Amino acid sequence: MEKHVSGPIGSSTTGRDHKDERELDWLDTIGSFLVKAALLLLLLMLASQFVLQFEGIRRQLTGIDRAEGERLGLAVVILHLRA
């Protein structure tokens, strides 16, 4: 049973209660989305780390093995970005 409480002017507060419920539902929806997005990002990060364990794929994606043993400088970084 719903309890109606009168305000100082005699207006009912049930309108505010419905608004609060809608806001809570909206916050639950946002929270649920954020949890799903965080889990998806975690799974993508794990998958990318797994894929980078294979040398052929790592060479195609990163190219960092080509610069191994070279002194890191601005020229190496620029050349790496162009390759």
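Of note:
- Hits in segment 17-38 (condition: open to solvent by 100 Å² or more (accessible area, probe 1.4 Å) and under 16 Å from the mean Cα position of the chain (by Cα)): F33, L34, K36
- Selection from segment 39-61 of residues that are surrounded by 10 or more Cβ atoms within 10 Å (Cβ to Cβ) and not in a helix (DSSP H, G or I): L52, F54
The values are calculated or read from the model by the stated rules, or taken from the named source; none is laboratory data. It should be emphasised that the depicted structure is a prediction, and the values quoted were computed from it without experimental measurement. So basically every Cβ, Gly included, is an ideal-geometry build from the backbone, and we count neighbours across all protein chains shown. Note: areas computed on protein heavy atoms with side chains; ligands, DNA, RNA excluded. Shrake-Rupley method; radii C 1.70, N 1.55, O 1.52, S 1.80 Å.
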